[in-house]
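I have placed the structure first, in the form of structure tokens, so that the comments after it can refer back to it.
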Amino acid sequence: MSQDSTSEKISYDDVYISDKELRKMKQNLDDAPNEKKYAYFRTLLYYGNLARWQKQGFHYLYSNHNSGAHCTCGLILSLPDSPVEDSGDVTEAAIFINEKVAKKVAKWKLTRLAMVKGHRNIPQVKEPTVALIVQFEYNKSIGDYLWDAYCQECGAQVERVSSETAKGFVQEHNRDAAAGGCAPGVMSVAEGSV
Ligand SMILES: [Zn+2]
Ligand SMILES: [Zn+2]
């Protein structure tokens, strides 16, 4: 557990689930007496979903209780995770994306959790990330999920792309941001701008 010194509104939870831990939960379920199986099943389902979303790189509210809105990456925002009607109410505080970026993603009607900065790269949850995969849609014709992602620094985005493409987009913007090439306010990042 670490605290972000820039704000008392953001904290982090240790959420990384290893395959080994998942196997252990599965084993617990198998070994449990019948009357306890349901509880173990619920636990496995809960952490199984969390682990799956982490592997997909999907930043998503997986728990919303007293302490705040919990993201799959471990970020906890101590504010209600309501949809943001007017982006103005989140862009004034430094912990959120700036107004320019907020305008570019306004069509997605993201929640506060998806607009706050300070998320960590998943599934490793060690490094910070500037780009987030925030939505998906199941595409029947290809039988797979397609994803939406955006960069919180430059506002670039991809819509309804494969998991691979969305992850590549996230990587690219993190690399550019680390190299100082993905500055706030830049309208878009040119292809191969490294
Ligand atoms: Zn997150
Ligand atoms: Zn960017």
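Mind listing the long-range amide H neighbours of Arg120? Cut-off is under 5 Å, sequence gap 5 or more, other chains count too, H placed in the peptide plane at 1.01 Å from N.
Answer set, sorted by chain and number: Leu75, Thr129.
By average Cβ neighbour count within 10 Å, what is the ranking of 15-23, 116-124 from highest down?
116-124, 15-23
For every other residue with a beta carbon closer than 13 angstrom to the beta carbon of Ile17, add +1 if it is Lys or Arg and -1 if Asp or Glu, then tell me the sum.
The answer is +2.
Starting from the Cα of Lys36, draw a straight line to each of the lysines and keep only those under 18 Å, dropping any in the same chain fewer than 8 residues away.
Lys24, Lys26
How large is ³J(HN,Hα) for each residue in the range 163-168, as worked out from phi by the Karplus curve 6.51 cos²θ - 1.76 cosθ + 1.60 (θ = phi - 60°), to whole Hz, x for Gly and Pro?
4, 4, 5, 5, 5, x
To the nearest 0.05, how large is the calculated FRET efficiency for Asn28 and Glu99 if R₀ is 45 Å and r is the Cβ-Cβ distance?
Efficiency, from the Cβ-Cβ distance: 0.40.
Every read-out reported here was derived from the displayed coordinates using simple, explicitly stated rules and does not represent laboratory data. Please read these numbers as outputs of a predicted model, since none were measured by experiment. No Cβ is skipped: glycine too gets one built from the backbone with ideal geometry, and neighbour counts run over all protein chains shown.
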